[in-house]
1. So what's the gap between the Cα centers of the stretch 62-126 and the stretch 3-19, to the nearest angstrom?
2. Quick one: pull the percent of accessible area on the chain belonging to carbon and sulfur, 1.4 Å probe, ligands and nucleic acids left out.
3. Which whole-number value in Å² is the accessible area per residue of the stretch 1-111, probe 1.4 Å?
4. Per residue, how big is the convex hull around the C-alpha atoms of the stretch 88-162? Give it to me in cubic angstrom, could you?
5. Given 0.36 nm per residue, what is the gain on full extension from Ala53 to Ser12 after removing their alpha carbon distance, in nm?
6. Would you mind calculating the gained length between Ile37 and Glu126 on full extension (0.36 nm times residue separation, minus the Cα-Cα distance), in nm to one decimal?
7. Sorted by accessible area (1.4 Å probe), largest first, how do Tyr84, Tyr71, Tyr25 line up?
8. As a test, work out the antiparallel percent of DSSP beta bridges whose residues both lie in the chain, rounded to the nearest 5.
Amino acid sequence: MKRIILHWTAGSYKPNETDKQHYHYLIDDTGKVHNGIHRPEDNLNCNDGNYAAHTGGGNTGSIGVAVCGMYNYSPAKGLSSTPYPLKKVQCERMFKLVAELCQKYDLPITPDTVMTHYEFGKKHPETTSAGKIDITILPAYTISSDNTGNFIRQKAQWYYYNL
């Protein structure tokens, strides 16, 4: 595995069957981690059709982690546009899960190995991931959207060294 790509489901606080098909791990509103249908290793070869399709143009070698929530979110309308804003318990579990996966797969925590779907799309504007807004905001934390990826990596680093 070469990287972890972080998402929100744009749904409710609980994973549904579609979510489980597209992500390897999903975090519900209580912080519980649910396994998707596919193992991360299924994404080593995406030519056989048996993989988690979570990031257009970036699935091969990528682990898809999603936090459940953010249904109907619109940056223009702000957090009032979603009845399911991400909760702090979900985010903290995401940071810890990233650290656990980085340890398991011997991945350093860098912008090239741990990124949001938004960051992947910015780095790869030729893909269908360009323009995706997940994850650009963490409602439980006061950070600007430009710093969300760095904030996530800093929190994951803390968990990495404190597990």
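1. One Cα centre to the other: 9 Å.
2. Its accessible area is 48 percent carbon and sulfur atoms.
3. Numbers: 4910 Å² over 111 residues.
Counting only protein heavy atoms, the per-residue value for the stretch 1-111 is 44 Å².
4. Roughly 89 Å³ of hull volume per residue.
5. 12.8 nm
6. So the extension gain works out to 29.2 nm.
7. Tyr71, Tyr84, Tyr25
8. Numbers: 4 of 17 bridges.
So the antiparallel bridges amount to about 25 percent of the total.
The values are calculated or read from the model by the stated rules, or taken from the named source; none is laboratory data. The structure displayed is predicted, hence computed values, not measured ones. Note: ideal-geometry Cβ built from the backbone for every residue, glycine included; neighbour counts use all protein chains shown. These area figures cover heavy atoms from the full protein model, side chains too; ligands, DNA and RNA do not enter into them. Shrake-Rupley method; radii C 1.70, N 1.55, O 1.52, S 1.80 Å.
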